[in-house]
Each structure stands twice: as structure tokens, then as C-alpha cells.
Amino acid sequence: MRTSRAMAYGFATHLWILGTPEPLTLRAWLLAAAPDAREGDVVALRLGERTLLAAVNKNEREARWRSIGLVTSVAQHVRGFEWVSVHLYPDHGLWRIERQDGEILSWDPDTLPEPEGAETPEPPRPGAELMERARSVIRSLVPLELREFHHYIDWGHELEDTPDGAPVPSLDGDSVRRFALGLPLAPVPSRVAHAVRSPAFWLLVLCLLASGFTVSVVQPPGPGAFLVRFIHFILEAFVFWPMAVGAGVDGGSRRKVWLAGCAAIVVAGAVWGLVPA
């Protein structure tokens, strides 16, 4: 299997509609593509005289791919407007650009036969003519230099951070207008349900159970041994918990999970120290 280079550009899945269809029209197209579409599945932006439907960059893999699939399929239902679909995934070396007139430009190294000869062959690259045509289509939407496709990804990330009413990056004279599509709202899971689904929750449970087991082996239960059992439990849990957090939690949530776990350890230690014989 061919492995891609270790990069971290992210992705951009955008449907550019060359015009300004009404939100109700966009809603009808989205529902035709996915009858269960929900508000927040895609980001809808008005950029001057053009409309952009963008897949959302969510941490949840399932939600992210649902959004990508929805944006990709909407193009089949657009009527009365020209459109350009752009899907770039430089981390894996693949991209696809499709136009309303039927032109398709694409490159996916994983669909090509493996080169023979070298043990670690260089990945195949698209031809210069194909690359320049793909760049020219994107430049017709956003005037970027585009020495590499990930520059469009950078622009997409910048656009995500642009507030409503602010100028569109690299598009002089146009402002960002964000709008809702009138789709049903997705049900919001409760905090308890969200916590229970988190790997960190089960890591904490295992940490507390392991700590409780080892403390029970070393110290007998009963209120008379509270302080010894409490201290022993805290020390034992703090041996396991950093390893659990390091193994199962990523990104900015690590500090919150760490503090929540510390609080749970203290409470569980106090309860464990009072367990009667």
C-alpha cells in the first residue's frame, strides 16, 4: 500500500454556486441530496455575487464525512446556476475539481498502479498541463498564487475564521454573509451522554477501579483506616491517570479532562476510604 507523506494541511470540500440562490432554494437542494440533512451539516456563505457551501471541519470523524458527502452530492441537484465543486485533500495527495459543464479534473495516487523497481518509489505526480488547468479553475474563484494546492486550504481556514460582515480574504470589495438554511436542528446530546461516549470517561472508570482494587489489597476497609486508604487511593490513581490521559485524549480538551479526572479521583478516594468493613 502506498503511504502518503506526513503533512497536516487538512481538507477543503466546497461547492461554489455562481449566483445568489435564495436560502429556501438551497434548502430544497440540500434536502434532495439528503432528506435527513440538518442545520450545521454544512456552512452556507454569500461571498458577493457567489454562494459557497462548505463542508465543516469537525473533530467527529462521522460528522465530518457526512458533511463532505452532503456538499459533494448537492451539485447534482443545482438547477439554473453554474457551479464549481472543489475537493482538495493534500494530506493524501488527492483532489477533484468538477464544473457544471461536465469538466472533471482529478488526481488520486491510490488508484494508480504501484511503480516498479525502487524499494521506496517516488509517488506519481500529475502532469503540468493538468495541474495548471486545475489551478486556473480555482484562480477563477479566488485569485490566489497557488504554487501548491494547500494554499487554497489555508484560504479556506482563514475564511472559516472571518466574521459575518467582514471582507472576504483575497476578494476585494466582497463581504462575508453567513446565513441559516432553515433546516431542522440536529438534536443536542446531553452532557452526560456526551461524557459517557468519551474514551476519557471509560479510561477514568478503569483508573478508579484499578486504584480501588490495589488499595483493597494493601489496606483493609473501614472508617478507622480512612486517612491511610484515602492517601493511598489518591497516590495510586495519580499513577494511572496521567498515563490514561496521555493515551486517550487529544488537543485542547486535555486540560479540562485532566482537571475533571482529578476531581473525580478525590471524590472517589473519599468514598472508598469510608467503605465499611
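A few points about this structure:
- Formal net charge of residues neighbouring D174 (Cβ-Cβ distance under 11 Å; K, R +1; D, E -1): +1
- In order through the range 142-153: 3J(HN,Hα) via Karplus (6.51 cos²θ - 1.76 cosθ + 1.60), integer Hz, x for Gly, Pro: 9, x, 9, 5, 6, 4, 10, 5, 5, 5, 5, 4
- Charge tally in the Cβ shell below 15 Å around L159, where Lys, Arg are +1 and Asp, Glu are -1, L159 excluded: -3
- DSSP-assigned coil residues among GluC sites (Glu not before Pro) in the range 57-99, each with at most 15 further Cβ atoms within 10 Å: E60, E82
No lab work stands behind these numbers, since they all come straight from the coordinates. Here the structure is a predicted model, which means the values were calculated and not measured. Counting neighbours? That spans all protein chains shown, and the Cβs are built from the backbone with ideal geometry, glycine included.
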